[in-house]
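The structure under discussion appears below in the form of structure tokens.
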Amino acid sequence: MGKVVVMDHPLIQHKIGIMRRTDTGSKDFRTLVSEVAMLECYEATRDLELTDVEIETPICKATVKELKGKKLAVVPILRAGLGMVEGMLELIPAAKVGHIGMYRDPETAEPIEYYCKLPADCANREVFVVDPMLATGGSAGAAPGMLHTPVQQWQHLICSKSAV
């Protein structure tokens, strides 16, 4: 596993605190999940490579930074990860979305795949797997195999702090 980054930004902590309250309604909860995902996406994309590109502005030519390299994909682990997709796509709207469905075998606690629909070119994308309800880490450990990419190419898992 690569580096672990604990995103303990005050806004994230504040929003998670509101989410955990018993009096937080479903609509507010969904909105907060999306907002937290957006903040986490911002941090998770911090190390994406950039390249210089020359553009034409209304006044003159200018050199600006653009994302370099692989296109992006967001892959929620069903069902909990679905709530994070909207927030992720707010910041990376061109990302493709795939889905992984797993459940834990009650006897062995091993993850069992029941659904996997990924972008056709997933192996050529930088993938952000989202699962806010990570418990044992079994789903996270099984996801790289479902993505058909070696673990060292699987670069981003966005999950809850309690799972670290």
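FYI, it's all coordinate maths here, none of it is from the lab. Being a predicted model, the structure only gives us computed values, none of them experimental. Neighbour counts are summed over all protein chains in view; Cβ atoms, including those assigned to glycine, are modelled from backbone coordinates with ideal geometry.
Overview of results
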read-out: Residues of the range 12-32 that turn out to be within 20 Å of Ala44 (Cβ to Cβ) and surrounded by fewer than 15 Cβ atoms within 10 Å (Cβ to Cβ), as a count; value: 2
read-out: Boolean, Val74 is under 16 Å from the mean Cα position of the chain (by Cα) and either among the aliphatic types (A, V, I, L, M) or buried (at least 17 other Cβ atoms within 10 Å of the Cβ) (or both); value: yes
read-out: Segments classed as strands (runs of 3 or more DSSP E), wholly inside the range 83-137, with at least 2 members that are touching a residue at least 60 places away in the same chain (Cβ under 8 Å) and surrounded by 19 or more Cβ atoms within 10 Å (Cβ to Cβ); value: 125-131
read-out: Contacts under 8 angstrom Cβ, first residue in the range 57-74 being in a strand (DSSP E or B), partner crowded, with 16+ Cβ neighbours inside 10 Å and acidic (Asp, Glu), 6 or more apart; value: Lys71/Glu126; Leu72/Glu126; Ala73/Glu126
